[in-house]
Every structure is written in structure tokens, then in C-alpha cells.
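Please treat every number below as a calculation from the coordinates, not as lab data. Everything numeric here is computed off the predicted structure, so don't read it as measured data. When we count neighbours, we look across all protein chains shown, and the Cβ atoms used for this are built from the backbone with ideal geometry, even at glycine.
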Amino acid sequence: MFSDTLKISPVSEFAGKDAIIHDDGRGSSDKLTYEQLWQEIADVSQVVREAGASKGDRVLFISENHLHWLPIFLGIAGSGAIAVPVDGNIAVARFKAIIEDCQPALIVVSRRFENRIGEFDLNDKEIFTTLNLHFDVFSLGKELCPQASEPELKPHDIAAIIYTSGTTGKPKGIMLSHKAFTASIELGLKISDYHRDDRMLTLLPFTHVFSLVDAGLVMLGCHSTLAVCNSFNPAEIIPVMMKYRITYIMAVPRLADLFAFGLMQKPELKFAGITMIIGGAAPRAQVMQLLNSRGIRTFQGFGMTETTAGVLIGHKCPLEAVGKAQHGVRAMIDKPVDGVGELLLATPTIFSGVFGQPELDREMFVGDFFKTGDIAQIDKDGYVYIRGRAKEVIISASGLNVYPDELELRLGTLPYAEEFVVFGHCEGGLEIPAIAMLGRNEFFKDYSVGKEQEYVEDDIRKRVAEWPEAERIRKVFIVDNPLPRSASAKIKRFEVAAMFSPEAAAKNLQSERSTSAARAADNREAVDAFVHEVAAFLNVDPDKFELSSRLDSFMQLDSLGVIAMLIKLEQRFSISFRELIGTSVETFDELFKFFADQVSPEIIVKAANGAPTTPGLPPLLDFSPIALEQRQQFVRDQAGYQDFKLPVPEDPAAFTGNIEGFAGFVQVPVGLCGPLQVLGSHAEGEFLVPMATTEGALVSSVSRGCQVINMSGGAQVRIIDEGVIRTPVFVLKDLEQLEKFSDWVSDNFAKIARSAESTTSHGKLKSIEPFPIGSTMVLRFNYSTGDASGQNMTTIATRNAVDYILDNYPGKIREWFLESNLSGDKKINAVNFTRTRGKKLVAQCVVPARVVESMLHTTPQQMCRLADLAMVTSMQAHSFGMQAHYANTLAAVYIAAGQDPACVAESAAGITSLQLVDGELQISVTLPGIMIGTVGGGTRLPTQNNCLHMMGCAGAGKSGKFAEILAAAVLAGEISIIGAMASDEFTQAHARYGRSGGMQSKKG
């Protein structure tokens, strides 16, 4: 298709073959055949010439990854003009700097970004034409003459200018010639044994040369098929792979990490015949091993914009290597010290210089070799190991070079970090290794880690204890938001270092301290009174309390704890904090400002000399043994019941995150049902089922049902579907705005999903379903949550997604609320009954007539007759479904196994079906949505965790097993109670087992 330029040469035998497929991973897809591709490229070239762009003119191209991205790029380059592609999410200041630098003749803008036309200063520009109904071509008003004929293209003509990432200084436009592209395509074709039937999936933007060349142009160059997916969600990527029979995947280490995480959620998946090419940096060893274990062949590669994509490649090379120089590429180390120095590359794919800055050429080359700026070493077999960027190397106090990339590889995976980066941090005039990380909320919650900073610092200290002195990480920074990344998903180390530089820290600290000190000096008495009262509320030493402390540094001060503290201050000093409603207060100093503005010296003296306030309850989140005793004493004093006493644990802090205002335990007896034979996809075998209940006869009844199931060969169970729901609501002006909002949400699903998923390592947003009501729109967010029940997880994720919508939706949203009640949280509704919320299961058993008669003392016919009547009466009662007592079994197991008992309200709906099949009783239960989890929440409490362990269901990867056991137990409960009703033994059973005397003989 290509010879020595990007001008295409159609080959008729491939005209009807698929060239490009675009699939968003959510059901929407489109494609171009090679014939359509060639025609579109020719049409674009003609439009560019007719618009007046001549050979060498720049044409700026603003777009997302799109079905028509490559034909537009090739059409511009093939016309003789120079394509300048930029991502549509580019910052306005950077966009304007690029415009100023390259002075384009035309600008092509995707309709996806039409809301940014004003930001790009294009409102007053003429739209020359529209391409493919999706791209507007703007003429910038210069005197341009239509070009009647195609210009002659030469190999060394510039085909594209790619602006490398950067936010300061003059933009750096890398000029890539037609020859550089075609040489890179030729090199790419030699990487692997590509066949015309291969299909490559790329997840990277085409503005990144790795994706543009080694995926897009290489696939077109050998007349294979390119698949484009804009999603980074493994739950969407994997179905796309299977749908299109993908044989190659193009990724960078960050995307490989995400993909590997997706595979971990689906241990049954194998991918024989698939190759993943990972470029940009060395992937983590654990990721490579996981991919290989699933049958995925892996290649590692390295390249830069200046080398027109990948020039180093390796298969089965050492895990930390990025490949070796092959096929005419040469690599060497400049001025090596112990084998380490700057990597130099000589390649036929090299760039032609920096646009408008020829003076940089001399600085960027040593003879024929390009200075990459990467610190590396080359082993005896020619494999290259990247140790970091030259500008990012940490120079230790002893003068040794410390390479951040190497330290990251050595650290491996940090279980409490969503992401992290090592960088050089200046402290005391010296540069030391430091780490910045985004914490994993679920980790700290699940493991009861109260002070994240202390925990991480202690763990890092242990991990690096045996490292050389100069390489030990000395500083830990925990951030609240994702770390900044480039278009290729690399963390921007320089930006992170700048965030924590001494200059930035000094500026922030000076501002905070000067304000706090001035306020304290002017209000000494008020400060003393405020600190004394707050310290007493928090049960801390007032001498160690600082106004500069953050409210969220005290675990007691959740939203309710803050309200309780404010009420106490209001009562003590006769003031009001109503002005704080709707404001953001993060530190005690900010809170004190409101206090000092209202309180008078007279009130302070009066409060100090007056009678002490009546001792109240400790803060809700105070888990100290003293706090538990104070709460019990408070009850004795207030209720006048001096015998009030609850048992307490040795370590109350272990219950952090599961209870507030902790005062002690009430005891619920636990009975064991079973063994119960389960024939499921996740649970197979015999299991004991724990039931915590105070209802006599329940455990006996379910145990009888277990016996019936066992005597009938076991219960077959399957999970049909799963998902956790959140339903935010948005109020729009009218139906027109409602329609626009709905379309925008659909078009931006991938970005909304990324925002939601950035808050969790387990939750994945599967879909957003719109429910319009007048001019109000409810969005039904459907998540997969791994082994967690996921209710807190999805609430936090949805809030993050809503924030993204509010920040980015171009229209006006009148009102919004995080939850609309459509989700059915803790209540059954018709939507979830017909779809699902939680896990949807069916459990079934065929009971022989002899077992029904011997164990249940009735007949299959009698039980079916009762079920028929129950169905009619359920319709009369307008019940959701038809069942006897799901709630009994679910509530008892939920309490025993650390589930949320309130979820029984939604989980206990379903349909129990009884049929006669060849004289035998076929009975099944269908549960539309049971909310359960095996990690997080109450599952980590000691006795509840023991109950889960008893079933083999504790921890990650066990939620499916637990759900199937639970469904089988519900089936056992239904069999027994329906049998008891049909045989008229229900009353006798309760009389026998449900009274305090237990099982006693009648007295004559």
C-alpha cells in the first residue's frame, strides 16, 4: 500500500476486505473496507487541495480516536500538505502556542469537540466544508488558492509534525518525513510474522506515534485489519477482542496493567494465539508473567516520536529490558560509567528536525546518533535496559546516580497504591528519592488502617531497609487525585516533582502559618477556649492540639462527628455556625475564624467560670475502651438503669468502619445447617451453612430442606447476571435539553467510566442506562464490583462520575442529586426485579416422590397445588414474585457472614416455582438480586470471617461461591416450609421448636 511515501497504492484484490473497525466496547461499532478507505483518502486529499492548502502548508487536525482518523491523516499527508494531529482534549494555552508555532493553513475539527470551537478562537472562521459528516474544515482567512493538480511527493518531504508533550516554553514540533514513516512501517512489519488475516487492536490515541505507526500504518501496510477501541475498561476490551478475533494488541505498560487486572477478574479466560506488543517502557514482571500464563505472547519495544515509533524490539527477552536494536538500527551508550550512560540511536526512521528551530539539531545529535535523553545500559546480548530520563536521575549526596525507574521496578506492586511514582525531591539542599502515590481506598478501609500516612511510611521503610543507602526512599507523599499522565499514560515525573518542590511547599506553608499565627495572636483567650472545648470533645491533650490540623486527621470527625462538635460549641458559647452551611472547611484554623468572629470576651469568661457542661457521649468514631465505658455509663445515668451492661471486645478499634458510637455487643445465637450439597459453577461439594437467628424452628426447617436436597442428588445453581446500581438524577430545562444531555452522556461514556473507576481498584462501570421522566433524567449506573458487595464503593465512584459530568457537560443542569431512589437500595423495585441489582441466581432440585413423602410427609401434587394457590394470592397482594420466606434464610446467613442485613429488603424477592415432572417434584428459586460480598464491610470482623471461612468463602475470588451456597440454602428453606404447609405440620413445628422450653414431652 505504501512505497517510499505515504501516498497510497490501492491493490484491487483487497477492496472488499475490512481495513478499520471502530468499536466503543458498549455495542456501537462501524467499519471501513479498503475500497472505502482508499476513496476517503482521495476525497480528503482533494478537499485539502481545493481549500487552498499547497505542498508544505500545515493542516492542524483535532480529533479523538475515530474510524475516520487514519484516512484524514493520510489524505492530508498524501495531498502534499503537512498533517499536524493534536488530541481534542488539548489545553487551550497549549493549542494556541501550537497555532502560533506552526501557522496552519487549515484546521480540521471533529464534531466531538464542537463545544470547544469558541475556546479555539474559531467562531469567526469560515467552515470550508465538512468531511464524513463528522469533521469541519476551517479556513483561517489567509489568501489560499485552490490547487488543481496533485503535487509530486518525494521521500524526504515532511509528512507530519508531531508536538511532543510539554506545558512550558516554546512548543517542540517534531518533523517526520514520508521516508521516516515508510522506513518505520517496514521496520514494524519485521517485528512479527504478520499475516493478512491478522487483526490488531489498539487502545492508544493515534496522536501517539507508537499507535499511529506500529498499529495503524503497519496493519494497513500489510492489508490486515485494524480495530480501534477507545475504552480502557478490561470488561469492555475483552469482549471486543473475542468479537473480532483479535490476534495482536498494542499497549503501553499502564494499559497492560489494566488489561492484566481485567484478566485477574476472569481466571477462566485463556488467549492462545494473541500477541501483545508493549512499548514506551519496560512492563512490570508480574504483568508479563500473568499475560504469558494466559497464553498471550508478548513483545517489548521502545521508541520515541523522534524515531517515528518503535526501533528496539524483543520477544522472550529479560523482563526489565525493552528489546534490542535490529534491522538496521544501531544503539550505543554515550560516556558510560559502569556500563550506564545516555542511550544513542542511529536509525533510518529518524526525524528531520524541530519545526522552526534548526539550532536544536546540533544539540540533539552526536554524529549520526540521536541523543535520546534516556539513561540506559546494554547487556552482552544487545538488550537495552532503560534506567530513567537523564533529567530525572537523582544525584545523591555521595554523587551516585539513582534511577527512579529502577527503584519502581524494585518496589513492584504496592497493595495500598492505585498508582505511584518515584522522583527526586530536594530537602535541605540535597536530592533524595521520594515516592508519590494515590492510595487505594478499599485497602485502608478493609484492613482498618486508620492513619494512611504512617502506615505507608512504615511499609516503605521496611521494603527499602536492605537497599543501598543512596537508593532508600526517604519521603512519602499521598495524593487525593490521580497523578498527571501523558497521552501514552506515562506518569509525568517532572510535574509530580514540581508539586512537592520546596518552593511549592514553602509557599503553601507560609500562607497557612501566617494566617493562623496572626489570628491566634489577636485572639489568645478565644483560642484557648476553642482549643480546650474541641480537645475535650476529641478526647485529646489540649497542649498537643494544633489549629493547623485538618479536621479529617481525626477519625471521630466524619460528617456526623463534625455536626456533633459544632452543636457542642454552639451550646457552650451561645453562637451559631449556620454560616458554614454550603462552605468547605478543612482545618480547625478555618473553623476558628467563624468562632472568633462571633464569640465575645464576656461569653468566653462566662463559659470558663460557669458550671461545666453535662458530660455527653464521646464522638461517634471514638473507639477507645474509655469511650465504650463512657457510653454505657451515659445510658445508666440517663435511663436510670444501673444494671445496663454490654460485653465489649479486647480491641474495639478492630471494629472501625463497621459501627459508630460503639458501646458493645448484643449476642445472636448461630446454628449450623447442613451439610448441603451444591452443584454450582463456583461452589461444588457439601457445605455447612451458618445461620444467626433468634427464631426457633428456622434452623431445623432449613436443615430438613438440606436433607431433602442431598437425598435428591444436590441443588444445581447458576449465577445468571450481576451488577451493583447507583442512580443519580439530573433536572434539565426542557425535553430538548434532556435529549442533548442523554446524547452527551452516551458519547462520553468512556470518560465518565474512567472518572468513576479512578476511585476503586475493584469496581468497573459496565453501563449507564437513561430513564427520562419529563425533563428529569435518571441515569442507572451499573457496576461490577468484584468480590465486594460494593455499595460504598459505587457511591464514591458515582459521585466522582457526577463531578466529571458537572465539570464537562456544556449545557446547563438545573439541579442534581446523587441518588434518586431508582436504584432500589435496601428496597425492592420493578426495575431491579426484571433486571438485577447484586447477583441474579437460579437454584433448582428435582425431588423424587418417595423423598417428598418420607421427609416432608406430603406429596408432590399437594405441594404444587399449594404453590398454584400461592401464586394467585400473591397476584391479589401485588407481591413482587412468589415465594415463601426467602427473608428468613437470607437474614440469618447475612448476619452470621458479615453482610448488610438491611439488604434483605431487596434481596428477599423472587419466584419459587414448583412443577410435576414425570411424577417428581421439580422446585426452583429465582433470586433477581442478592447483595453479598466476601471482602470489606462486616466480612472482616472475627466471628463473621470465621463463618465465611467455614464455607470456604472468605476473601477475594469467593463471592460467586458464597452466592451459590446461599441460593441453595434459600431453596432448602423453601422446600421445607412449603412441605410443612402442605402437610399441615407448620404449626406443630413452631410449637415444638419455637418455645423457650425447647423439645419437651407432653405431661399427662
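Remarks
- Residues listed by number, the stretch 343-361, amide nitrogen under 19 Å from D368 label point at 7 Å toward C-beta: 343-353
- Modelled label reach - N946, point 7 Å along Cα→Cβ, the stretch 952-968 residues with backbone N closer than 18 Å: 952-955
- Linear extension gain, N808 paired with K380, 0.36 nm per residue minus alpha-carbon span: 148.9 nm
- At full extension, E427 and I567 could sit 46.1 nm farther apart than now, given 0.36 nm per residue minus the alpha carbon distance.
- Using alpha-carbon coordinates, inclination of helix 791-808 to the longest axis of the chain, degrees: 40 degrees
- Legend: ranking of residues I719, I923 from fewest to most surrounding C-beta atoms inside 10 Å; resulting order I719, I923.
- Residues of type lysines that K451 reaches as a straight line, Cα spacing below 19 Å, ignoring anything fewer than 8 places off in the same chain: K462, K475, K544
- Residues whose amide H comes within less than 5 Å of that of E427, counting only those at least five positions distant or on another chain, are I432 (H built at 1.01 Å from N in the peptide plane).
- The phi torsions of the stretch 460-475, fed into the Karplus equation with coefficients 6.51, -1.76 and 1.60 and a -60° offset, translate into couplings of 4, 4, 5, 5, 9, 4, 8, 6, x, 3, 5, 9, 6, 6, 9, 9 Hz, rounded to whole numbers, with Gly and Pro shown as x.
- Helix 253-264 axis, angle to the chain major axis (alpha carbon atoms, nearest 10°): 30 degrees
- As a proxy for reagent exposure, L732, L290 were ordered by neighbouring Cβ count within 10 angstrom, fewest first; the result is L290, L732.
- With Cα atoms, 0 to 90° folded angle of helix 886-896 axis to the chain main axis: 80 degrees
- Sites S486 and Q326, calculated FRET efficiency, Cβ-Cβ separation with R0 41 Å, nearest 0.05: 0.95
- Summarising the label geometry, the points placed 7 Å from Cα in the beta-carbon direction at L916 and H156 lie 9.4 nm from one another.
- Sites A272 and V585, calculated FRET efficiency, Cβ-Cβ separation with R0 56 Å, nearest 0.05: 0.45
- Annotation for K17 and R550: the two label points, set 7 Å from Cα along the Cα-Cβ direction, are 5.6 nm apart.
- Net charge of Cβ neighbours under 15 Å - reference S712; Lys, Arg +1; Asp, Glu -1: -3
- Cα gyration tensor shape for the stretch 728-822, rounded if a/c is under 1.5, else prolate or oblate: prolate
- Neighbour counts of other Cβ atoms within 10 Å put L343, L122 in the fewest-to-most order L122, L343.
- Amide H contacts of F61 (H built 1.01 Å from N, under 5 Å, at least 5 apart or other chain): V84, V86, V108
- Using a Förster distance of 35 Å, the FRET efficiency for E119-C145 (Cβ separation, nearest 0.05): 0.70
- Taking each residue as 0.36 nm, the span from L688 to V648 lengthens on full extension beyond its C-alpha to C-alpha distance by 11.6 nm.
- Label reach from V92 (point 7 Å along Cα→C-beta): in the stretch 115-132, amide nitrogens under 19 Å belong to 115-125.
- Structure-based [θ]222 nm, the chain - -39500 (n - 2.57) summed over DSSP H runs of at least 4, per residue, nearest 500: -10500 deg cm²/dmol
- D543-L818 pseudo-label distance in nm [points 7 Å out on the Cα-to-Cβ vector]: 4.1 nm
- The chain: relative contact order in percent, alpha carbon pairs under 8 Å with at least 6 residues between: 7 percent
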